[in-house]
Each structure stands twice: as C-alpha cells, then as structure tokens.
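The values are calculated or read from the model by the stated rules, or taken from the named source; none is laboratory data. Quantities reported herein were computed from a predicted structural model and do not represent experimental measurements. When we count neighbours, we look across all protein chains shown, and the Cβ atoms used for this are built from the backbone with ideal geometry, even at glycine. The accessibility values were calculated without ligands, DNA or RNA, using every heavy atom of the protein model including side chains. Shrake-Rupley method; radii C 1.70, N 1.55, O 1.52, S 1.80 Å.
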Amino acid sequence: MAAASALKLRIEGMDCGSCAAKIETAMRRLPGVAEVEVSVAASSMSITVDEDRTSREAIRAKVDSLGFKAIDSAAAGPTGHVHPATEGPWWSTAKGRLVLASGALLAGAWGVSWLEPQWAAWPYVVAAVVALVPVARRAVAGALNGTPFSIETLMAVAAIGAIAIGEAPEAAVVVFLFAVGELLEGVAASRARAGVKALVDLMPRSARRIRGGDVETVPASELAVGDVVLVRPGDRVPSDGTVVEGASELNEAPITGESRAVFKEVGSSVYAGSVNANGELRVSITKTAADNTIARIVHMVEEAQATKAPTARFIERFSRWYTPAAMAFALLVIVAPPLLAGGDWQTWIYRGLAVLLIACPCALVISTPAAVASALAGGARRGLLIKGGAALETLGRVKTVAFDKTGTLTEGRPRVVDVVALDGTVDETLSKAAAVERGSSHPIGLAILEEAQSRALTVPNAFGGTAAPGKGVTARLMSGFVTVGSPRQAVEKGLLSPEAAGRVTELEGAGNTVVAVSEGARLLGLVALRDTLRPDAATGLERLRALGLRTVMLTGDNARAAAAIAAELGVEHHAELLPAAKLEAIADHRRDGPIAMVGDGVNDAPALAAASVGVAMGGGTDVALETADAALLKDRVGGVAELVVLSRATLSNIWTNVTLALGLKGAFLIATLFGFTPLWMAILADTGATVLVTANALRLLRFDPSGPAR
C-alpha cells in the first residue's frame, strides 16, 4: 500500500464558503482521503489521499462533477506558491456566458409574448429550462455527494415548482437573476483574491545575477543561496539577502508597511520586493524565491484565510440546520393554509416557493469568511500579519495588552555604559564576560561583545556553556568557571558584598540594567547597560489606552530599571520575572478577560503561547513570522493598536453582514407570507444580500487601521 500523497489543485468557479464546503464534503466521502482543505481566497484545494484507493484523475472528475474545475498546480509563481491564472473579463467566463444566454432567451421570450401573446408561455419555459439545466445538474451532484440542501437544490425546486403551477415567466426571471447573482459573487470573490495576488506581484520575475564579472538576466525563481545580484535604482530586490557592496535607501513599505525609506549598507539585510531608491547595490542571496519573506507571508495569509474563524464555524454549523428547517417551513407554508383554513393551493404553493428562494443561506454563510479574508489580506499589505480568523477575532476582544521590555518597548540594542571592577581590572572583567557571551544572540550578550571589541580587548576562549533562564550564563575558561548573571543570582550565591550591592543600587537607580561577572567564588565586577525606548513606544501605548485597553510591562529586568522605564511610558509593570513568573502574571491578567502578549519572538515564546493571542515584533525576521499568532512587520509599538483597530473593524463588519443577511430575509419573508413578494423579488432577498455582504466585506481591503482611535 502506497503512502498517502499530499496534492494541491487549483479550483476554478468557487465564489463563497458554501462552494468550499460542498467540495470538502464530497472529497471526504472518497476512499483513502485523510485530510482536505479548500481555500476560496486562494482558489485551491489541499488534499492528502492514498492514490492506490483514489487517483488524481478521480479527484479531478469528482470536483468537475460538482460544477467546478480542478487543475493540477503545476505552474508556480516566483514565490514558489501556486495562484489562479489571471481571470478574463466577466463575459468570457462560464457564468458570464450563462448570464448572456439566459438573458437573450428571456428577452426573446418577452418579445414573443408581446408579439404573439397566445404563445407566451412556451418561450419562457424554454428560457427557464435552459438556464436551469446547469443549476439542476449541480444540485443533483451535490445531493449525491453529501450536500442535499444546497442553494442549487432550493433554486431548482422553486423554479420547477413555478413552471408546474403555470408561472413560467417568473421561473425564467428567477433563474436569470440567480445566474446574475452568481456572476456578481464571482467578480467579488475575484477582487478578494486580488488582495493576496497583490502580494505575489511584489516579486520581480527576473534578476540580474553576477557571474564571473558578467551580469546575466535570469528568472528570479532560479536564484540560489549565495548568488550575488545587482540591484539598480528603481529595481525590486529579487529575494531576501545581505548587502555585500554599495549603500542606498530602500522602500520596504510593500512588505513591512513602513512608510519611510530605510538606509542599507554593507552587512544590512534586505527583503524581497523592496524597491531600491537611489544607489546601486550588490546583494548576496540568503533565501530562495520559494522561501523568502514575501513567499512566507503569502503562504501564511493563504493558510490563515483557509482557517475558519469561530464565528464562521458557528454560522456554518447553524446553516446545516437552517437550510433543511427552511425547506420544512416552506412545505408548511404550502400545505397548512389550504388544509387547515381552506386556502387556495396555487396561491400558497407560489408563496411557499418564494419562501424557498428567500431561505437560501449564501449571504449568511459568506458573511464571516468574506470579511476575515479581506481583513487578513488588507492587513498583510500594511505590515500586519495575522495567522487566522481566530486570532483576528480575539484581538478585537482583548482587555489587556502585556509587553516584554527589551526589544519590544525598547530598541533591543543596549549599550555598555559602565564597567565596575571589584576584584581585578576593568579589562579583565569585560573580556571574561565577553568570553562567556561569545556566540550569544541575547541583546545583552551582543552588547558586551561589541564593547569588548570596541576596546580591542583579547577575549579568551570559553569551553561549553550552560544558561539558566532569567538568571545567567556560565562557561569554563582556562582560569575557571565564569558566570555572567543577574545581581539576584550573585546574592543567592553569597557573592554580593554591601559595597557591591550599593553600586548595583546606584547603577540601577539611573535606569541601567546591571549584570554581575563572577569567577568561582570571586565577584569580578559589574557591567551596566542601557537600552533606548523605541521612538513610538509612548504614543503606541497611549493609543492602546485610548482604545480602552489596560497596558502592562512584564520584564525580567531589575525592579529599579523597570520602574524608570515604566514611569517614562506611564505603564504598569512587573519586574524581575523569571519565565515561570511571567506565565503566572499572564494567567492572572487573563482572569479579567482576553490578554495579548507582545514580545520580540525570540525568548518570549512561552509567554506568547500562554496569552489569548501572541504578537511578535520582528521586522520580517523568521522568528517574527513563525512564532506568534500575529506579527508586526513594521516593528513598531503602534502596530499593536492597528491590529486591535483592524480586528474591531472586522468584528463590526461581520455583524453588519449578519444583520444584512438575516434582516433582508426576515423582511422579505414577512412580505411573502402576506403575498407582497413575487418570485423574482424573493431571489433578490438572497442575491441582493449576498452582493451587499460581499461588497461590505471588501471595504476591509482598503481599511486603514492607523487612523484615529475608535
């Protein structure tokens, strides 16, 4: 037996969540299918299947039988991800041709009825049947594959019933309006997909690769790690890399949302899709096209759009009961008045058929996924990467936002401001501390190494090394075991004399972070470091408070340094927190409601996971893109408020959509029961609501969350 294969197919013809649900239901009924995920936003289906039991051809045939088109994802774009082919004008699509054909037949039937009234019925029957055939075919296919109560079923029953009671003109108009509605849904869905496609289009198709002194133009997808490319003024960077020659300003707005150009020089990292403003650069490629920043963002946005939000899951479950219940109610409308009150059968059959059309759940089902997909795509284009509808909804409901300090509220690049020698010399203290921190990625370790290098000190070799989270790092040097840790750890070891404790208090009182350097039982000295606040830290926190949110800083730093920072920012704080204590603090705040944790995505992973929603700051780094539920590619504190504003706007949009969908249906239902709604107007209750809901959701593609607090 062969192992299960993971396949990805492009699906053409999907317009809404109910289309995706129909395909998923049919796929799960096939033998050997383990997993299936259909994304309307990406027009794709990912399926894991045992090909010994169900072949690719059988999968494609099943999708085709449902009225869609399955195409192998053989051609990938420069990002390595597959996207739908560019769609032509609406009149060239299958739905467009159906609208034109049924419209022409309807117009012809009207002409015949005007010229020869005695022949009026049959042309309308022909017009209705021709337009109804593809709808009925999809209804039958859906029923045979596990979706008996689809919109096509409701439409087919209503149209056939109208023809049967002699209302062929109504049936023809209804089917025509249904075709128009499906066409409009397709156009709207295409616009929603354009939000993700815009990200893909940021990638240049070609690159200027330097080989042996010559410059050759090659497809960007062929670039390998280590290749050196020439990026001229006005060019887009073809993939992630590092500047090896030249200096220039780059516009990173398309990727990070950062409006100001960023200066790049030798050693600077650059992101795929950035636009070179002036100087010529030579860039060494560090990521292939399939793995660069844009590729990862596109992949994550597609995955996020495919993940159902809690509200969407609820509405989907609701619609499974709603549709059959609506059909039962329509049957009750047809039979109850004639049987119980002597009503006219034809009148109540007509009204029951109108109820069927009004009951179509499309507008309700699409109300949430359309809004979520638009918000996710619009947010990604502004440097706000949110990984799924659940995180998007949670952000709008948070009561508290907790921040790490170093690298989040501060620049994350502390500088050594003082070295105090207590046993030996300043140079000895600093060089041994640098030896222990060699290879460290922690900002404090990097700062100590940088200071030692700036003083041209000889850094001894260190062997091994162990880290105690929140306490310090120990390594073996030729002279013995040296530890660089917090003053608290030095106190626990009994190494901090009253004189040393006084110096620690003095240094921390000035807002510095202090580390103690010890060798065995000797306290060699103290190293004081200071970090600078991010330029927008104060305004970013103020905007969160203006949104009615509580802000708090959770840090492992010493209490005095933390208090100095907190006072400057006007934020609550908890200091000297070990990782376990930070988790306890988050748990305490969760009792008051959902809490968001904002960290640098490196050493805050447990806290990010423990919060209701984790937000990583990281300027497009791997960690920021992979760690948390959301990432701020702008790398600005103000982005947290933008996430909250975008989420609240999305929640508002969703409930507006639900209200529109149910409100229109309720109004038309009451009108129908009193005989005020003809069949053609009943279909507008669904088609009109679907178009309104989709158009409202698409507004989120252009929504700017950086506006005034709301």
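When you scan the range 348-364, do you find a residue that is over 25 Å from Ala168 (Cα atoms), surrounded by fewer than 24 Cβ atoms within 10 Å (Cβ to Cβ) and at pLDDT 85 or above, even just one?
no
Of the residues Leu376, Leu384, only one is under 25 Å from Leu533 (Cα atoms) and under 18 Å from the mean Cα position of the chain (by Cα); which?
Every option except Leu384 fails the conditions.
Select, from Ala377, Ala370, Ala421, Ala390, the only residue that is touching a helix residue (DSSP H, G or I) at 6+ places or on another chain (Cβ under 8 Å) and open to solvent by less than 10 Å² (accessible area, probe 1.4 Å).
After applying the criteria, what remains is Ala377.
Test of understanding: among Val473, Val491, which residue is without any contact (Cβ under 8 Å) to a residue 40 or more places away in the chain, among the β-branched types (Val, Ile, Thr) and not in a strand (DSSP E or B)? Spell out how you get there, then give the answer.
On the way: Val473 fails: not in a strand (DSSP E or B).
Checking each option against the conditions leaves just Val491.
What residue, among those in the range 32-46 that are of a type in the set (Ser, Thr, Tyr) and not in a loop (DSSP other than H, G, I, E, B), is modelled with the lowest pLDDT?
My answer is Ser39.
Does Pro460 satisfy the condition of being assigned to a loop (DSSP other than H, G, I, E, B), free of Cβ contacts under 8 Å to residues at least 60 places away in the same chain and within 30 Å of Pro705 (Cβ to Cβ)?
Here the answer is no, as Pro460 does not meet what is asked.
Results for (1) at positive phi; (2) at pLDDT 90 or above; (3) among the hydroxyl-bearing types (Ser, Thr, Tyr); (4) surrounded by 14 or more Cβ atoms within 10 Å (Cβ to Cβ), shown as yes or no for each residue.
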position	(1), (2), (3), (4)
Val243	no, yes, no, yes
Val275	no, no, no, yes
Thr293	no, no, yes, yes
Ala309	no, no, no, yes
Arg317	no, no, no, no
Leu340	no, yes, no, no
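Pairs under 7 Å by beta carbon, first residue touching a residue at least 12 places away in the same chain (Cβ under 8 Å) and within 18 Å of Gly548 (Cβ to Cβ) in the range 566-593, partner assigned to a loop (DSSP other than H, G, I, E, B) and not hydrophobic (A, V, I, L, M, F, W, C), six or more apart or different chains?
Arg590/Ser612; Asp592/Lys399; Gly593/Lys399
In the range 469-499, what residues are within 45 Å of the chain's Cα centre (by Cα) and farther than 18 Å from Thr513 by Cα?
Across the range 469-499, the qualifying residues are Thr474, Ala475.
Within the range 494-517, which residues are in a helix (DSSP H, G or I), under 19 Å from Val426 (Cβ atoms) and β-branched (Val, Ile, Thr)?
Val504
For Ala141, work out the one condition from (1) modelled with pLDDT of 85 or more; (2) buried (at least 17 other Cβ atoms within 10 Å of the Cβ); (3) under 22 Å from Met681 (Cα atoms) it doesn't fulfil.
(3)
May I ask you to say which residue of Ala611, Ala561 is among the hydrophobic types (A, V, I, L, M, F, W, C), surrounded by 23 or more Cβ atoms within 10 Å (Cβ to Cβ) and free of Cβ contacts under 8 Å to residues at least 60 places away in the same chain?
Working: Ala611 fails: free of Cβ contacts under 8 Å to residues at least 60 places away in the same chain.
From the options Ala611, Ala561, the qualifying one is Ala561.
Right, Val266: of a type in the set (A, V, I, L, M, F, W, C) and modelled with pLDDT of 80 or more or not? Step through it out loud before you land on a result.
On the way: of a type in the set (A, V, I, L, M, F, W, C): yes; modelled with pLDDT of 80 or more: yes.
Yes; evaluated as a whole, the condition is true for this residue.
Could you list all residues from the range 62-100 that are surrounded by fewer than 17 Cβ atoms within 10 Å (Cβ to Cβ), modelled with pLDDT of 85 or more and β-branched (Val, Ile, Thr)?
Across the range 62-100, there are no qualifying residues.
Given the residues Val658, Val615, Val645, which is the only one that is modelled with pLDDT of 90 or more and either more than 17 Å from the chain's Cα centre (by Cα) or not in a helix (DSSP H, G or I) (or both)?
Values: Val658 fails: modelled with pLDDT of 90 or more; Val645 fails: either more than 17 Å from the chain's Cα centre (by Cα) or not in a helix (DSSP H, G or I) (or both).
It is Val615.
How many residues are modelled with pLDDT of 70 or more and either open to solvent by less than 20 Å² (accessible area, probe 1.4 Å) or within 32 Å of the chain's Cα centre (by Cα) (or both) if we restrict to the range 163-185?
Quick first cut of the range 163-185, residues modelled with pLDDT of 70 or more only: 163-184.
Pick out the ones that are also either open to solvent by less than 20 Å² (accessible area, probe 1.4 Å) or within 32 Å of the chain's Cα centre (by Cα) (or both) and you get 168, 171-172, 174-175, 178-184.
Selection size over the range 163-185: 12.
So how many residues does the range 315-354 have that are under 30 Å from Thr368 (Cβ atoms) and over 36 Å from the mean Cα position of the chain (by Cα)?
10
I'd like the full set of residues that are touching a Ser or Thr at 6+ places or on another chain (Cβ under 9 Å) and not in a strand (DSSP E or B), limited to the range 47-60.
Within the range 47-60, Asp50, Glu51, Arg56 meet the criteria.
Restrict the check to the range 445-453 and report whether at least one residue is of a type in the set (Gly, Ala, Ser), crowded, with 18+ Cβ neighbours inside 10 Å and farther than 22 Å from Gly520 by Cβ. Spell out how you get there, then give the answer.
From the range 445-453, those of a type in the set (Gly, Ala, Ser) are 445, 447, 452; that's our starting set.
Filter once more, keeping what is crowded, with 18+ Cβ neighbours inside 10 Å: 445, 447, 452.
Narrowing further to those that are farther than 22 Å from Gly520 by Cβ: 447.
Yes, there is a match, as at least one residue in the range 445-453 is of a type in the set (Gly, Ala, Ser), crowded, with 18+ Cβ neighbours inside 10 Å and farther than 22 Å from Gly520 by Cβ.
Looking at Val133, Val112, which is the one that is closer than 21 Å to Asp64 by Cβ, of a type outside the set (Phe, Trp, Tyr), in a helix (DSSP H, G or I) and free of Cβ contacts under 8 Å to residues at least 12 places away in the same chain?
Result of the check over Val133, Val112: Val133.
For the range 662-688, how many residues are under 33 Å from the mean Cα position of the chain (by Cα) and either open to solvent by 50 Å² or more (accessible area, probe 1.4 Å) or under 17 Å from Thr323 (Cα atoms) (or both)?
Selection size over the range 662-688: 8.
Among the strands (runs of 3 or more DSSP E) confined wholly to the range 358-456, which include 1 or more residues that are under 16 Å from Leu651 (Cα atoms)?
384-386
Name every residue in the range 137-151 that is part of a helix (DSSP H, G or I) and in contact (Cβ under 8 Å) with a residue 24 or more places away in the chain, in order of residue number.
Arg137, Arg138, Ala141, Gly142, Ile151
Residue check: is Glu576 outside any helix (DSSP H, G or I) and out of contact with any Cys (no Cβ under 7 Å at 6 or more places or on another chain)?
Details: outside any helix (DSSP H, G or I): yes; out of contact with any Cys (no Cβ under 7 Å at 6 or more places or on another chain): yes.
For Glu576, the condition - outside any helix (DSSP H, G or I) and out of contact with any Cys (no Cβ under 7 Å at 6 or more places or on another chain) - is met.
Filter the range 533-548 for residues that are surrounded by 19 or more Cβ atoms within 10 Å (Cβ to Cβ) and in contact with a Lys or Arg (Cβ under 8 Å, 6 or more places away or on another chain) and give the result.
The answer is Arg534, Gly540.
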